[in-house]
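Asker: One structure, as structure tokens, below. Some questions next.
Only the coordinates and a few stated rules stand behind these numbers; no lab work does. It should be emphasised that the depicted structure is a prediction, and the values quoted were computed from it without experimental measurement. Cβ coordinates were reconstructed from backbone atoms using ideal geometry, including for glycine residues, and neighbour counts include every protein chain displayed.
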Amino acid sequence: MATMTLLQAINDGLRLEMGRDDRVVVLGEDVGLNGGVFRATQGLFEEFGGDRVMDTPLAESGIIGTAIGMALYGLVPVPEIQFSDFIYPAFDQIVSEAAKMRYRSGGEFTVPMTIRTPIGGGIRGGHYHSQSPEAYFAHTPGLKVVVPSTPEDAKGLLLASIRDPDPVLFMEPKAIYRNTKGEVPEGDFTVPLGKARIVREGTDATLVAWGAMVPVAEKAAEACAGDGVSVEVLDVRSIIPLDEETILESVKKTGRAVVVYEAPKSCGFGAEISAVIAEKAIEYLEGPIARVAGFDTPFPYTLEHMYLPDDGRVRQAIKDLMEF
Amino acid sequence: MTSEMLQVIAEDGAPSHTEAPELSRDQLRTIYRTMLATRELDERGLKLQRQGRIGFYLSSKGQEAAHIGSAFALNPEDWVFQSYRDPGILLLRGITFEEMLHQCYGNAKDNTRGRQMPVHYSFKKVNCNSISSPIGTQIVQAVGAAMAAKIRKDPIVAMTYFGDGGTSSNDFHTGMNFAGVYASPCVFVCENNGWAISCPVDGQTASTTMAAKAEAYGMPGVRVDGNDVLAVYRAAKEAVDRARAGKGPTLLELVTFRMGAHSSSDDDSRYRSEEMMELWGRKDPLARFRQFLVRGGFWEEGEDEELRQSVQSELQAAIEAAEKEGPPPLSSMFDDVFEERTATLEEQWDALRQAYEQGSVSGANVGEFPL
């Protein structure tokens with residue numbers, strides 16, 4: 001085991017996989033000599049050379065479109081989109097091309113590509129460096145969507161994503177890139193996609209979260225413990241495929257569910273999780289399913305910390321639910 | 001404008017100002033046979049749509065010289081990222097009418113399992129891409145494949161096809177730019193057929209030519225008479241050799257004409273005059289090449305009828321084979337979303353199967369489906 005930040009764990013995973021499989025290539029803006037604007041690809045250019053760590057022109061659709069071509073040819077590309085706020089020019093290539101290739105070719109062509117991109121607020125980045133666009137992509141058949149929240153998961157889920165035979169959007173919660181440290185196994189290991197993690201066990205209510213909202217949920221759960229309420233915290237880890245079983249089991253046990261996510265509340269992925277709970281476990285519920293989320297506004301700059309769900313708002317949601 | 005284009009065969013079949021490429025008698029005859037087979041497939045495909053036997057069709061009539069002449073310059077291992085108006089490339093690479101017709105019928109033997117509209121072929125076994133409807137998306141992918149070939153040090157070229165409308169797409173400019181930066185072994189083939197559905201080429205670009213766009217991306221651009229198969233081949237061969245030699249990409253502008261409507265759903269008489277159709281009808285690439293071949297003693301006039309008959313009977317057999325097949329099984333709708341079905345997909349399939357078996361799916365009225 002080694003102690004790493006989430007960012008170091010990603011870097012470690014990339015280095016390991018590039019060393020293990022020479023089909024793996026990294027491409028994106030500033031990923032080469034500069035090591036990425038967050039340094040996620042630091043040292044890879046020096047170690048693996050410019051053929052495998054490619055600085056690209058500034059065009060997201062080109063980064064993803066060429067990565068798809070590389071994948072069709074037989075490589076395993078890991079393109080980086082510098083901020084997920086910049087991913088939209090590549091939307092067509094991701095949604096209509098990469099995600100549909102296996103289906104529309106009857107299984108002949110596949111795109112084993114992992115798109116890495118930082119998501120979320122908390123870095124005073126304003127509207128164009130803070131968005132959480134996971135729901136747009138979760139609505140896309142053929143695409144997996146993964147969001148780690150710990151260094152160990154970041155490495156293990158990244159390795160599982162790169163080895164996955166289908167395209168994966170690997171969304172990295174940038175707010176906790178450097179301030180989350182944890183033990184990470186050295187060498188090779190994977191964390192399977194589609195398995196939620198029980199972060200903390202509890203009996204009165206279930207908090208469902210992903211990415212940077214997991215530590216917020218944990219903090220709220222701790223505060224609730226002080227209130228005499230036992231809260232279970234789940235980290236979904238992969239949005240698609242979603243581990244419904246673990247969520248439903250927990251909600252059936254606690255009878256209360258609160259989903260916490262940074263994206264705008266309406267049509268965010270928390271809406272889908274709420275619907276799944278309502279469809280399959282409504283008879284176990286003691287109160288309405290609650291969502292603590294970002295607001296249906298663009299992401300603000302100055303008022304960022306009022307926009308982002310925090311432990312106070314989550315704790316209040318639990319209190320309201322307990323009193324329902 | 002003719003003088004600005006490479007031209008080997010003049011419109012009357014006589015030699016023009018560009019020197020003919022070196023091609024054997026067999027090669028010349030193979031090109032002609034493929035062009036004629038493509039024309040026959042096109043006419044039959046449109047008829048099948050008009051008769052209500054297939055749901056849709058996209059014509060390639062008039063563009064046989066452009067796409068077949070250029071693809072003939074490739075090695076079989078090279079990759080093609082084509083658009084939906086290039087079926088002759090598949091015939092050239094050994095795909096059969098029957099394989100193509102199974103796709104057009106979307107039946108149980110369609111290798112793409114009834115997933116796309118007719119003519120959106122996908123044949124990995126001959127390195128031909130899965131065709132997309134949105135314009136230009138294949139261009140950047142071709143560049144990616146070419147970059148991959150270069151990274152792997154494989155002597156492989158990627159050739160990508162698009163129309164004049166395609167040059168307006170984001171992916172054209174991005175693809176050209178990436179290919180220029182990485183000196184990718186990629187050949188960009190613009191079949192400038194004059195029309196993007198109803199939009200004429202001067203509504204598409206203010207550039208003097210499509211070939212001129214190459215300069216901005218640091219690669220040569222070559223303008224060719226796209227209805228002259230030998231000029232097309234000559235230009236394509238130079239571009240492919242150049243790419244394979246590590247000298248980077250080329251843009252070819254093949255000036256041609258879409259002799260049919262955009263698709264079986266389009267009425268081109270709304271936006272094109274009869275005079276224009278007649279003018280371009282006289283430039284038919286098939287007739288021109290035939291004249292050249294006959295003039296050079298490579299082909300007898302009488303051979304056309306014989307070839308046409310054999311192609312037609314082959315087509316007839318392929319249609320009969322395709323019409324014998326039922327639809328793909330209902331469960332296949334849930335396959336190939338991912339390599340393995342997720343729990344959610346399994347659940348949705350179970351629900352559909354139950355509803356189907358209970359007779360509560362109105363959609364089932366269109367016919368019986370094997371499960």
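Asker: Would it be correct to say that A:M54 is assigned to a helix (DSSP H, G or I), within 14 Å of chain B (Cβ to nearest Cβ) and on the phi < 0 side of the Ramachandran plot? Lay out the reasoning, then the answer.
Answerer: Numbers: assigned to a helix (DSSP H, G or I): no; within 14 Å of chain B (Cβ to nearest Cβ): yes; on the phi < 0 side of the Ramachandran plot: yes.
When the stated conditions are applied, A:M54 does not pass them.
Asker: So which residues in the stretch B:189-233 are assigned to a helix (DSSP H, G or I) and crowded, with 24+ Cβ neighbours inside 10 Å?
Answerer: Residues satisfying the conditions are B:V229, B:L230, B:A231, B:V232, B:Y233.
Asker: Every residue in the stretch A:113-122 that is free of Cβ contacts under 8 Å to residues at least 60 places away in the same chain and surrounded by fewer than 24 Cβ atoms within 10 Å (Cβ to Cβ), please.
Answerer: A:T117, the sole residue that qualifies.
Asker: Also, I was wondering about something else. What do you reckon, is B:T167 buried (at least 23 other Cβ atoms within 10 Å of the Cβ) and either more than 14 Å from chain A (Cβ to nearest Cβ) or acidic (D, E) (or both)?
Answerer: yes
Asker: Now, a different point. Give the stretch A:236-289 a look and list any residue that's more than 14 Å from every other protein chain (Cβ to nearest Cβ), part of a helix (DSSP H, G or I) and within 20 Å of the chain's Cα centre (by Cα), or say none.
Answerer: Step one: list which residues in the stretch A:236-289 are more than 14 Å from every other protein chain (Cβ to nearest Cβ), which gives A:237, A:250-268, A:270-271, A:274, A:277-278, A:281-289.
Cutting the leftovers down to part of a helix (DSSP H, G or I) gives us A:250-254, A:270-271, A:274, A:277-278, A:281-284.
A:G270, A:A271, A:S274 - these are the residues of the stretch A:236-289 that are more than 14 Å from every other protein chain (Cβ to nearest Cβ), part of a helix (DSSP H, G or I) and within 20 Å of the chain's Cα centre (by Cα).
Asker: Taking A:Y73 as meeting all but one of (1) aromatic (F, W, Y); (2) more than 8 Å from chain B (Cβ to nearest Cβ); (3) in contact with a helix residue (DSSP H, G or I) (Cβ under 8 Å, 6 or more places away or on another chain), write down the number of the exception.
Answerer: (2)
Asker: Can you find a residue that is part of a helix (DSSP H, G or I), touching a residue at least 60 places away in the same chain (Cβ under 8 Å) and among the small types (G, A, S) anywhere in the stretch B:34-46? Break it down stepwise before answering.
Answerer: Keep residues of the stretch B:34-46 that are part of a helix (DSSP H, G or I), which gives B:34-46.
Imposing the further condition that a residue be touching a residue at least 60 places away in the same chain (Cβ under 8 Å) reduces the set to B:35-37, B:39-42, B:44-46.
Subsequent filtering for residues that are among the small types (G, A, S) retains B:37, B:45.
Checked against the condition, which is being part of a helix (DSSP H, G or I), touching a residue at least 60 places away in the same chain (Cβ under 8 Å) and among the small types (G, A, S), the stretch B:34-46 yields at least one hit.
Asker: Has the stretch B:82-99 got any residue that is touching a residue at least 60 places away in the same chain (Cβ under 8 Å), farther than 29 Å from B:S24 by Cβ and not in a helix (DSSP H, G or I)?
Answerer: Yes; the residues of the stretch B:82-99 include at least one that is touching a residue at least 60 places away in the same chain (Cβ under 8 Å), farther than 29 Å from B:S24 by Cβ and not in a helix (DSSP H, G or I).
Asker: Restricting to the stretch A:16-50, give me the number of residues that are part of a loop (DSSP other than H, G, I, E, B) and closer than 20 Å to A:R163 by Cα.
Answerer: Of the residues in that region, 5 qualify.
Asker: Would you pick out the residues in the stretch B:150-163 that are within 15 Å of B:L74 (Cα to Cα) and either at the interface with chain A (Cβ under 9 Å from one of its Cβ atoms) or free of Cβ contacts under 8 Å to residues at least 12 places away in the same chain (or both)?
Answerer: At the first step, the residues of the stretch B:150-163 found to be within 15 Å of B:L74 (Cα to Cα) are B:154-161.
Those that are within 15 Å of B:L74 (Cα to Cα) and either at the interface with chain A (Cβ under 9 Å from one of its Cβ atoms) or free of Cβ contacts under 8 Å to residues at least 12 places away in the same chain (or both): B:D154, B:I156, B:A158.
Asker: Go through the stretch A:88-121 and give me each residue that's away from every other protein chain (no Cβ under 14 Å) and in a loop (DSSP other than H, G, I, E, B).
Answerer: A:G120, A:G121
Asker: Any idea which residue in the stretch B:101-112 is nearest to the other protein chains (Cβ to nearest Cβ), counting only those that are crowded, with 24+ Cβ neighbours inside 10 Å and touching a Phe, Trp or Tyr at 6+ places or on another chain (Cβ under 9 Å)?
Answerer: By that ranking, first place goes to B:T112.
Asker: Turning to a different aspect of this structure: For residues in the stretch B:117-149 being part of a helix (DSSP H, G or I) and surrounded by fewer than 21 Cβ atoms within 10 Å (Cβ to Cβ), which is farthest from the other protein chains (Cβ to nearest Cβ)?
Answerer: Taking the stretch B:117-149 and keeping what is part of a helix (DSSP H, G or I), we get B:124-126, B:137-149.
Subset that is surrounded by fewer than 21 Cβ atoms within 10 Å (Cβ to Cβ): B:124-126.
Numbers: B:K124: 4, B:K125: 8, B:V126: 11 Å.
Taking the candidates together, the pick is B:V126.
Asker: State the number of residues belonging to the stretch A:10-31 that are of a type outside the set (G, A, S) and on the phi > 0 side of the Ramachandran plot.
Answerer: Result for the stretch A:10-31: 1.
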